[in-house]
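Sharing a structure, written as structure tokens. Questions coming.
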Amino acid sequence: MSVLQSYIAGQWFGETAAKALPSAINGETVAHTHEETIDFGEAVAYARNTGVKNLLALDFQQRAAILKELAIHIQGRKDELYAISHHTGCTKADSWIDIDGGFGTLFTYASTGRKELPSGNVAHEGPVTQLGKDNHFNGTHILVPRRGVSVHINAFNFPIWGMLEKFAPAFLAGMPCIVKPATATSYLTEAAVRVINDSGLLPEGALQLVIGGTGDLLDRLEEQDFVTFTGSASTARKLKNHPNIMARSIPFNAEADSLNSAIMAPDVTPDDEEFDIFAKEVVKEMTAKAGQKCTAIRRVLVPEGQVDALAERIKERLGKLKAGDPNEEGVRMGALASQDQLRDVTESIDRLLETSDCLFGRDNGFKPVGAGTDKGAFIAPHLLLSRNPMEDGGAHDIEAFGPVATLMPYNGIEQALTIAAKGKGSLVTTLTTKDPAIAAEMIPVLAAQHGRLQILDAEAAKESTGHGSPLPMLKHGGPGRAGGGEELGGIRAVHHYLQRTAIQGSPTMVAAVTREYVRGAKVIENDIHPFRRTFDDLQVGESLLTHRRTVTEADITNFGCLSGDHFYMHFDEIAAKKTQFGQRIAHGYFVLSAAAGLFVYPGEGPVLANYGLDTLRFITPVAPGDTIRARLTCKRKIDQGRTSPEGHPQGVVMWDVEVTNQNDELVASYDILTLVAKKQ
């Protein structure tokens, strides 16, 4: 049998077999951990000295491009990972969540980085605040790489997705990662890291893998480092209170297993489509990954009058479920990840039965199909009924991390909210209702104790990704028992790994640091129109102050006829006089069009297209007879590695536009995004 190896300081490490890791399907040994002790001092030093240096030699955009290529590479090798994933007890659908979900997250963060992060390694988190009366002193915030190492301690249930959903934002933020998977399924994580290394895409030091225990790793961390954990609430508390983490105030993010709920609202009856949708969702969350999801439904809240009907619907679905070796035809539920997990779940069920009755489970003739499954970690799905859900304890405190859910009758919305809150903080709850008024009443209350809320009705069910599916663009985490942390959430996850710092100074100095033009900063003016300069030659701060244009009655009339906008403020002199403006004013969009006419260079040049306009504000109204002019300034350059359909390279330029009147009052303010050609 193979010996799993750690990947430390750029080398695969470990030769001597230690703990055997059995297949969850048939109990046969898949691999062994290694006996050799890891030098975590070497691992951390390598991450700091080599990993940080190599990652920061790249910028946000370049690291985003690597994530995309890495996702493509893993996607091309996924079949070999599927073959190994089978031993963790996964069906093909379960493996899809873990493997395709993993490289899908890389794709998402590659796109997020390209769209939302600048070139360079300083992200400006504006807006700039004017701190002095005459705009000589400004303040703003920047986000910069922490220049430390990120330690990721992961759970056994998602050996690949669990690694990549943390790695992607950390890598994008410029932090080298030391990944410690749960031992039971670490053979799949090791295989994924080998696939990643084979790509040759990651800078040296970007990723290290720990097989086995963490030893003195946490003792070696410093203030610039970061720790993130997924697993049980008890282990999260233990790690969070590690003396070195507390003494050095090392950021710690926990995503802990929680007692998530699904709530059927009082308006849903057995005759409604939503009733079946709800029952299907509960069964899906009980059986996907054999219930081994931190987001799985553990508590099912249902109106007292509908308990029996819902129990029958769920039992009917569970009775048709085929469990066993996922290679057998028709199998829809696999095994728990290990015999240890089987013992834990069995013990938890015994404890739950002290306060609940079993409606489906041990006495329903459960027998997994497939050779050798009698030695596997299989367990029947269990549906329980709480005897008194208004009491503390029981299913409000005990989590059987497997295919187990407890029905909890309630009487009225207030009682449902009270029961849901007894979970003391959850990752996710689903509310199934047909009535928007019920959703509007319950969701704000539930939100205080949940990280994510799904509102499920017949319409949403057509495209719903499911109660238990964290998405890269939405926050994953929850308060209280759920760990109090946040992962994913799109760009928010990248920000977690960056240091946010307030900076103060003159507009010119703030612009120099942020690499972004700040109003009031010194501008660069010359005889060449900015639109005539290639992306390579254009400098941030390069600016054009246009000639003037006087707005006439004819302008307003012609624009109204052309656009069809005959709003009274533009055409009714009597009505306009009654308003705060006291007179007719020009269309705001005419002002934009007129400003474009002032600053656009009409001839052929490197500016290819205007594809967006941000932060538009109309500040001072423009009346007939007013004279306007515009200042166009290169605000930011972003090199996203774009090319035209013909393969010509181009970059993105954001332009700051200020439109002023004859009194130098600001009339309109906005940013324009353009594609600008690079030198051939």
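Derivation of every value follows stated rules applied to the coordinates shown; laboratory data play no part. This structure is a prediction, so every number in the text was calculated from the model and none was measured. With ideal geometry, Cβ positions are generated from the backbone for all residues, glycine too; neighbour counts draw on all protein chains shown.
Treat region 540-680 as a sphere of radius equal to its Kirkwood radius over Cα pairs and apply Stokes-Einstein at 25 °C in a medium of 0.890 mPa s; give the translational diffusion coefficient in µm²/s, rounded to a whole number.
It comes out at roughly 148 µm²/s.
Counting each DSSP H run of 4 or more residues in the chain as -39500 (n - 2.57), what helix-only mean residue ellipticity at 222 nm follows after dividing by all residues, to the nearest 500 deg cm²/dmol?
The helix contribution divided over the chain gives -9000 deg cm²/dmol.
Of all DSSP beta bridges in the chain, what percent run antiparallel (nearest 5)?
Once the DSSP bridges in the chain are tallied, antiparallel ones form about 60 percent.
In what sequence, highest mean first, do 360-371, 36-47 appear when ranked by Cβ atoms within 10 angstrom? The partial results should precede the final answer.
Numbers: 360-371: 14.8, 36-47: 18.7.
For the peptides 360-371, 36-47, the packing ranking is 36-47, 360-371.
How much length, in nm to one decimal, is gained on full extension between GLU223 and GLU573, taken as 0.36 nm per residue of separation minus their Cα-Cα distance?
Here the segment from GLU223 to GLU573 would lengthen by 119.5 nm.
So, one more: Excluding same-chain residues fewer than 8 positions from LYS238, which lysines have a Cα within less than 20 Å of its Cα?
LYS180, LYS424
Continuing with this model, one more query. Distance between Cα centroids, region 553-627 to region 249-311: provide it in whole Å.
Going from one Cα centre to the other spans 53 Å.
Taking 1 over the mean of 1/r across every pair of different Cα atoms in region 148-290, what Kirkwood radius in Å do you get?
Computed over Cα pairs of region 148-290, the Kirkwood hydrodynamic radius comes out at 17.4 Å.
How far is it, in nm, from the label point at GLU604 to the one at ARG642 when both lie 7 Å from their Cα along the line to the Cβ?
2.1
Along the Cα→Cβ direction, 7 angstrom out, place labels at GLU316 and ILE528. What is the inter-label distance in nm?
7.5
For region 237-388, just list the percent of Cα-Cα distances falling in each 5 Å bin from zero outward, please.
Spelled out bin by bin, region 237-388 gives 1, 8, 15, 19, 17, 13, 10, 7, 5, 3, 1, 0 percent.
May I pose another question? Return the loop-located GluC sites (Glu not before Pro) in region 239-348 (DSSP other than H, G, I, E, B) with at most 16 other Cβ atoms within 10 Å of their own Cβ; answer none if there are none.
Answer in residue order: GLU328, GLU329.
Which pairs break 29 Å Cα to Cα here: LYS293/LYS322; LYS166/LYS375; LYS315/LYS434; LYS53/LYS78; LYS375/LYS475; LYS375/LYS422?
In this structure, LYS166/LYS375; LYS53/LYS78; LYS375/LYS475; LYS375/LYS422 exceed 29 Å between Cα atoms.
Taking loop as defined by DSSP and a crowding limit of 16 other beta carbons within 10 Å, which trypsin sites (Lys or Arg not before Pro) in region 565-628 fit?
Working: sites: LYS577, LYS578, ARG584, ARG617; in loops: LYS578, ARG584.
The qualifying sites are LYS578.
Which percent of Cα-Cα pairs in the chain sits in each 10 Å bin, short to long?
3, 13, 20, 20, 17, 13, 9, 4, 1, 0
Also, quick follow-up: Go from 0 up to the bin containing the longest alpha carbon distance in region 545-627, width 10 Å each, and give me the % of pairs per bin.
15, 44, 30, 9, 2
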